[in-house]
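Each value in this text was obtained by applying a stated rule to the coordinates, not by laboratory testing. Because the structure is a prediction, the values reported are computed rather than measured. Neighbour counts run over all protein chains shown; Cβ positions are idealised from the backbone, glycine included.
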Amino acid sequence: MPIQERFLLSVDLESVPLMRSRALVIGSGVAGLAAAISAARHGPVILAAKGILDDSNSNQAQGGIAAALGEDDQPELHAADTMEAGGGLCDPEAVRILVEEGRLRCQELIDLGTPFDRENGEIAFTREGAHSRRRILHANGDATGRAIVATMLTRVSHLPGVLCLENHFAIDILHRDGVCYGALFLDTKYGRLLRVEAAFTVVASGGLGQVFRETTNPAVATGDGYAICYRAGAVLQDMEFVQFHPTTLYRAGAPRFLISEAVRGEGAYLLNQMGERFMTRYAEAAELSPRDVVSQSIFKELNRTGDTFVSLDLRHLDPALIAERFPNIMAFCADYGIDIVQDLVPVRPAVHYMMGGVKTDLDAATSVKNLYAAGEVASTGVHGANRLASNSLLEALVFGHRAGAAAAEDIHPFPDPLLTRRLPAKGTRLDVEDLSRSLKAITWRNIGVYRNGIHLLETVETIRAWSTFALSEQFQMRPGFEVQNMLTTAMLIAVSAMRRTESRGAHQRSDYPESNPEWLSHNQVQIDRLDGEMSISGRLAWKP
Ligand code: SIN
């Protein structure tokens, strides 16, 4: 009889249907697709998506993908901009790999036929905040992510060794003694469990925007990858660095739809309700400052004026350029009665991207053997305290490729028994939707653009109280597992934000408004394998 301590569900794992593959990739955004394409050279791959294959943050990316491919550009310039935006916490070697290999990977995308926009036959580059050159490739105006994902999915569909499983939610990593052996899935279409054993597992499950009330992220972005890697014992770092995108549509009844940074890159202004171009008061580069600076300036301005939103003004731009460059934004806003050529577009910041995540080395390896992470869920060190616009698809491509390449190496026998986390059944009923709403409200209120110690402590204590009953529930359905992951992820953010007693990049504390050179270091969080406590950079932080 296998030992089943740390086992989540009251089922015998051995009775769960089993598939085996050399590589398992969890997530079908750009990082997951890059990993699958690269791993397929070394053997069979299973690519598991939580929903349908093209439901990902990557697919929604508007602005583009940054690469130093222009004649006036060089990787060193791209690296310098990335480091400048990152607030002193970027890893220079990871950044070097990003900008150098990024050019190769983008060239491969071009060779695969990605329909990047062109001018006179040459790739057309746009500009975004804090980039010193026009270096953003874009496709179909403002639908870059969709074009890249479609190209990569076509490539994957032509690889006989890749099996795609849609609607497969990763409940937990299968691991023992610090080694990963695959993952346990819920097939959400048929309500069945599935065990996938693999010599080599890549978590590329994207971000966590749904942990907050206001976000640009799709419904699938519930932070699952952070939580499953955390429970498997992986080290996570820099979880306090949550990026707010400065300009998301603020209209009653509309989702927080992203209004791409490229709109400001093409010359749009930010105005307050009095019609004043307020960014010039806060930062020399005005609307083209790094994203953290623009978001913080908007909040300062809203505090000053008492308003709830500011506006994007495109009225001075060429209407033909607007229509060509931003067809999707134009159509979306039109659905809510806004003509972006003639009207001011009401906007305010919302959660967009997590800079921190599962700590990896330069080959995307986590601290758990044979477990890799790539894309937004990973912390490779390239973004530091604030990500430069349009570096996210690039990072997903470069480090997803590196993660897949590692499949050439690790081969180990599949173990018996397989262990995952242990949670006793309690059988009580939980209102998952209510808990999710309550969590989003407190994270939005207390872990937003500006934070302070008292509110962070309140958040930690509240999530701890909710976790005492919610984490020991047994679920049959995806929303229950998701809300558990959201609680864990929110806790990881809150304890990291509480510990960093300074302001840096996207992490701003009103009680510690200055950067402190002693804090030029990374917060690292990990579960204690023996007693399940959360320890942060060596200090115990929380017991579930
Ligand atoms: C945008 O188009 O503004 C988003 C791109 C990014 O997040 O880098």
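Assuming R0 = 60 Å, what is the FRET efficiency of His316 and Glu409, from their Cβ-Cβ distance, to the nearest 0.05? E between His316 and Glu409, to the nearest 0.05, is 0.60. Which of the three applies to the range 119-182, rounded, prolate or oblate, going by the alpha-carbon gyration tensor with a ≥ b ≥ c and a/c under 1.5 meaning rounded? In terms of gyration-tensor shape, prolate. Between the listed residues Pro17, Ala49, Leu89, the Cα displaced farthest toward the positive end of the dipole of the chain, a dipole computed from Cβ unit charges relative to the Cα centre, is found at Pro17.
In the neighborhood of Val377, defined by Cβ-to-Cβ distances under 13 Å, what is the net charge if each Lys or Arg adds +1 and each Asp or Glu adds -1?
That sum, taken over residues with Cβ under 13 Å, equals -2.
With 10 Å bins beginning at zero, the pair-distance distribution over Cα atoms of the chain amounts to 4, 20, 31, 27, 15, 4, 0, 0 %. Electrostatic tally near Ser503: other residues with Cβ closer than 15 Å to its Cβ, Lys and Arg +1, Asp and Glu -1, net -1. Can you say what percent of the DSSP beta bridges in the chain, counting only those with both residues inside, are antiparallel? Round to 5. Here the share of antiparallel DSSP bridges comes out near 65 percent. Here the spin labels are modelled as points 7 Å beyond Cα on the Cα-Cβ line, and at Arg41 and Met477 they lie 4.4 nm apart.
Projecting the Cα atoms of Ile110, His78, His158 onto the charge dipole of the range 63-188 (Cβ charges, centred on the Cα centre) puts His158 farthest toward the positive pole.
The mean sequence separation of alpha-carbon pairs under 8 Å and at least six residues apart, normalised by the residue count of the chain, gives a relative contact order of 23 percent.
Using Cβ point charges alone (K and R +1, D and E -1), the dipole size of the chain about the Cα centre works out to roughly 1180 debye. Here is the list for the range 271-355: GluC sites (Glu not before Pro) lying in DSSP coil, each with at most 12 other C-beta atoms within 10 angstrom of its C-beta, are Glu284.
The GluC sites (Glu not before Pro) found in the range 421-521 that occupy coil by DSSP, while having at most 12 further C-beta atoms within 10 Å, are Glu514.
Answer rounded, prolate or oblate for the range 476-542, using the Cα gyration tensor with square roots of eigenvalues a ≥ b ≥ c: rounded when a/c is under 1.5, else prolate when a/b is larger than b/c, else oblate.
Numbers: a/c = 3.42, a/b = 1.69, b/c = 2.03.
The shape class here is oblate.
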